[in-house]
Amino acid sequence: MAATSSRSRAGTGGRFPVFLTPVLIFYAVFFGYPLLRIFWQSVSGDDGFTLVGFRMFLEEPAYWMVLLYSGFLGLLTLAITLVCGYAVAYWLVTLEKNWAVVLMAFVLIPFWSSGLVRTYAWLVILGRQGILNSTLMHFGWIDTPMPFIGTNTAVVFALAYYLLPYMILSLYSVMNGIDKNLLLAARSLGASPMSAFRHVFVPLTRPGVLAGSYMVFMLGIGMYITPAMLGGPNQTTLPLMIAIQINEAMDWTFAAALSVILLVITGAMQLMANRFLDFDRLWGGAK
Amino acid sequence: MSCKRLRENVLAAGAALTLAFSAAQAAAEDLTILSLGGSYQENQSQYWFKPYAQATGVNVKEAAGYNFAKLRVMIQSGNVEADLVDLSADSVNALAKDGLLEPIDWASIPESCKAGVPAEMRNPYAFPTIQWAMVMAYNTKTYPKGPKSWADFWDVKAFPGKRGSIGATRPPIEQAAMAVNPGSATLYPFDLGKAFDKLSELGSNIVYSDGYAQVVQFLADGEVDMIVIPNGRMVPLIAEGKPVAINWNQHLRFPNFFVIPKGAPHAKAAHKFLNWVCEPKTLALLARPTNYGPINTDAYQFIDKDVAPLLPGNPATAQLGRVADTGWLGEHRQDIARGWARLGAR
Amino acid sequence: MPLSPGRLALGVFSCAILAVLIAPIVIIFLVSFTPTKMLQFPPPGFSLRWYEAYFGDAMWMHATRVSFVVASLTAILSLVVGFTISLALVRYRFRGKAMFRMLVMSPLILPKIIIAVGLYFLYVRLRILGTTGALVIAHTLIAVPYVVMIVTASLYGFDRRLEWAARSLGASPTRAVWLITLPNLRPAILGGALFAFVASFDDIILSLFLTQLTEPTLPRQIWVNVQQTIDPTIAAVSTFMTVVSVLGLWLVTLAQRLSKRSM
């Protein structure tokens, strides 16, 4: 049947979408220039062309650790938000519409307040005399306040908190569009609820999972204010290093070099992902 | 309305407009001052900027909050939005080195202003105003005896409890160096490696923050009991009656300056303001509300006896500390950044 | 659906997470009424002084207006640009598509301070530095990735037969998209608009560099406060932002319900 051709595949052949041209010009002017500038700045020092920025990175193992930590933070945050986000989104979808709308407000409202102030609220909550410690001590689970500030726990928690709504909304918008009849059909064909969930529902949520994961990971490795406010030296991230180079060390060549390294690595990751998971087929090939 | 009437009216309106425009021009000059914001700038506004505007009729516009990178790109690109900037010493060095500051016309500054300014503070590109000091502050309930030196700050046995400081942007390495060599008479130059080793010694006993305001908040909340902090930041806590005290021993003084960025649109107006604010009497007005000391020693005549001991640089406490070597610090910024990354990688 | 132990556990878990999501908001709300000069939780009393400080200060009010305008314009522009890009990415195959996708997504990872500095020099050259439009363009760059991700995810699942049906009835491609595709993608478009608005409304770094010194945005004001004082004004500001948007959301759903009823 025409079932496969009715899906929105990238099937319009090799034709270039002409309507994209104004957008291309927009990006060429407003993003191309800064991007080229970064590349140019990364290899120009006081005396012209130089690779000292890249050399500084390669010669200092501490900087590799910082880069690895940023990646680690991104992955850990992704894992947590994916598990929590999937559960919440699925639960919301199974609810009656009115309830789902009300509870969705809980997800949306945090968006509508300053991210900086919310991170600050976590400082207050996780402090030694903060609510978390007070509650734990009240119930007798701990004797002395636990030091949360300056630890990985605090940073991961705050990052996951900040990024969770993105994941939930990504997943929910896709889950909402899944025809419930599909699940009923699977059940009527004899599948158990668990099986129907695993083999019918989950694969259909892939676009949302991919979109949400991509967003959370990329945002996670780019965040620096939250780790700076809640973490210690062990929680130094690459974006923070870049900011320090610009504001304190005033070495813009090195800052640009670090940015190029970050761009190249994430770009490589994207290219690899493209090769092993053909996004177009994956996202459209669920049926 | 006939054509003739219309033309007459338009000409009259045009003339009135031109007159109004030029009259406005002649009456009010513009001056944009960029400072750090918060209560520091509120005090500057109350005692310096607004009185100046009232006295001279100059239209003083204030801007608050900037980071160094923005300042630098602003001047480099020729798009200078501020005529006068309140700047700390190491930023002054960095900008002056790259030729991004207008020279200060010291010759035109009144003698009454210059007399009390120490020779080494007469920077060709910056006018010194006040100085603040990086001091130790502590909770008097936790430490009734009070820590006396940076060695005490590092002594977790005699003084158990958490310490606080800002982290990545300005780790407390001078304080660490003073703890490494407690008896030493000189501080600069010191071994950065040893200083960072000393910092890692504290381990989880120290909590790093992203800004001074956060550090102070931690002390007020009881999150930490001892902090490294600019002295002026303690003023609101002490005013609220919190059980805190400042230890002036081994403090480090950092001067602040007014600078005129190169290419400032109203550089002359900025200079006129400098000639007005430099008077010792005017400089002294900021002492009580901010607890920052005037660099001009003549200003102390106008400061009350109860405020003077709280100010960095005043004769009573000056010997307890020293002026920070911002030149040396500026040269080693890259090493400091590297040291911080290494601290995290341990 | 029957209440199995599995579903109960899922519900409890989800509610716990939702509670954690909303907790800081509640705390900020309560702190905004503290009479003390410093942030304190729980607040020892009740006072409206910080709301007075916020509403009574010309700078804060101006910053709020600026941020609102910029964020609204950003949402609109990013929707237009983002939807166009999504259409191209989902329905067309062309050379350099992967590179283009990476280019569009890279503002998400690149530290904003780098983008800010680059745009600063560009804007100076184009003589548009400090203008609202320039800031809207900068915010659009960082907001478009969100729009693209959300819209493409929905667009992939969109049944094109609806569009083709419209085309076969004589509609031009543009009209078909406008009348058929867009309404069906409403959740994705609203989601994208929301993300774009928030990305702009909450941005500190780009605003720090690209606004005039005397014309701050709301996040810039909050940032200066956090750097210098940390007083409860920021709690009042944040709560105000939340309340306004909750009201807005509620009004929108109310309007939708009313329009459905009248149909």
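Bear in mind that the values in this text are calculations on the coordinates, not laboratory data. Just so we're clear, the structure is a prediction, and the values are computed from it rather than from any experiment. All Cβ positions, glycine included, derive from the backbone under ideal geometry; neighbour counts span all protein chains shown.
In table form, for the structure just shown:
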{"item": "Euclidean distance between Cα centres, the range C:212-247 to the range B:85-136, Å", "result": "33 Å"}
{"item": "Shielding by partners, peptide A:220-233 (average Cβ within 10 angstrom, other chains)", "result": "5"}
{"item": "Simple label model, 7 Å out from Cα along Cβ direction - residue A:198 to residue C:126, nm", "result": "5.3 nm"}
{"item": "Under-5 Å amide H pairs with residue A:150, H placed in peptide plane, nonlocal only", "result": "A:231, A:232"}
{"item": "Volume per residue of the C-alpha convex hull in the range A:83-165, rounded to whole Å³", "result": "119 Å³"}
{"item": "Highest-MSF residue in chain C out of C:187, C:43, C:173 [GNM, Cα springs under 10 Å]", "result": "C:173"}
{"item": "Protection proxy ranking of C:139-149, B:133-143 - average other beta-carbon atoms within 10 Å, highest first", "result": "C:139-149, B:133-143"}
{"item": "Between helix B:267-277 and chain B: long-axis angle, C-alpha atoms, 0 to 90°, nearest 10", "result": "60 degrees"}
{"item": "Fluctuation leader among B:181, B:67, B:296 - chain B, Gaussian network, Cα springs under 10 angstrom", "result": "B:67"}
{"item": "Sequence-separation-based contact order of the range B:89-157, relative, with Cα cut under 8 Å and 6+ spacing, percent", "result": "26 percent"}
{"item": "Cα centre as origin, Lys/Arg/Asp/Glu Cβ charges: chain A dipole, Debye", "result": "1280 debye"}
{"item": "At R0 = 45 Å, FRET efficiency that the Cβ-Cβ distance of residue B:306 and residue B:108 yields, to 0.05", "result": "0.80"}
{"item": "222 nm mean residue ellipticity, helices alone, for chain A (DSSP H n ≥ 4; -39,500 (n - 2.57); rounded to 500)", "result": "-21500 deg cm²/dmol"}
{"item": "Ordering of A:136-142, C:88-94, C:217-223 by packing [mean C-beta count within 10 Å, highest first]", "result": "C:217-223, C:88-94, A:136-142"}
{"item": "Of the DSSP H helices in chain C, those whose Cα atoms cover at least 24 Å axially and whose Kyte score averages 0.5 or more", "result": "C:5-31, C:58-91, C:132-156, C:233-262"}
{"item": "Peptide C:208-216 - average C-beta neighbours from other chains (10 Å radius)", "result": "5"}
{"item": "Highest-first arrangement of B:226-233, B:320-327, where packing means the average Cβ count within 10 Å", "result": "B:226-233, B:320-327"}
{"item": "Environment charge at residue A:235 (Cβ cut-off 14 Å; Lys +1, Arg +1, Asp -1, Glu -1)", "result": "0"}
{"item": "Helix axis angle, B:333-345 relative to chain B longest principal axis, alpha carbon, degrees", "result": "50 degrees"}
{"item": "Charge dipole (chain B, unit charges on Cβ, about Cα centre) - positive-most of B:274, B:40, B:310", "result": "B:40"}
{"item": "Lysines whose Cα lies under 23 Å from that of residue A:97, excluding same-chain neighbours fewer than 8 positions away", "result": "A:180, C:260"}
{"item": "Cβ charges +1 (Lys, Arg) and -1 (Asp, Glu), total dipole of the protein assembly as shown, debye", "result": "3580 debye"}
{"item": "Relative contact order (percent, whole number), chain A, Cα cutoff 8 Å, 6+ residue spacing", "result": "29 percent"}
{"item": "Highest-MSF residue in chain A out of A:27, A:86, A:166 [GNM, Cα springs under 10 Å]", "result": "A:27"}
{"item": "Shielding by partners - mean other protein chain Cβ count within 10 Å, residues of A:15-27", "result": "5"}
{"item": "The range A:28-119: translational diffusion in µm²/s, Stokes-Einstein, Kirkwood Rh over Cα pairs, 25 °C, 0.890 mPa s", "result": "135 µm²/s"}
{"item": "Those lysines that a straight Cα-Cα span of less than 25 Å connects to residue B:305, excepting residues fewer than 8 apart in one chain", "result": "B:114, B:148, B:242, B:281"}
{"item": "Magnitude of the charge dipole, the range A:146-287, Cβ model with Lys/Arg +1 and Asp/Glu -1, debye to 20", "result": "700 debye"}
{"item": "FRET efficiency, residue A:268 to residue B:140 (Cβ-Cβ, R0 45 Å, nearest 0.05)", "result": "0.20"}
{"item": "Inter-label distance for residue B:245 and residue A:135, nm, one decimal - labels placed 7 Å from Cα along Cα-to-Cβ", "result": "3.8 nm"}
{"item": "C-alpha center-to-center spacing [the range B:45-77, the range C:62-102] in angstrom", "result": "36 Å"}
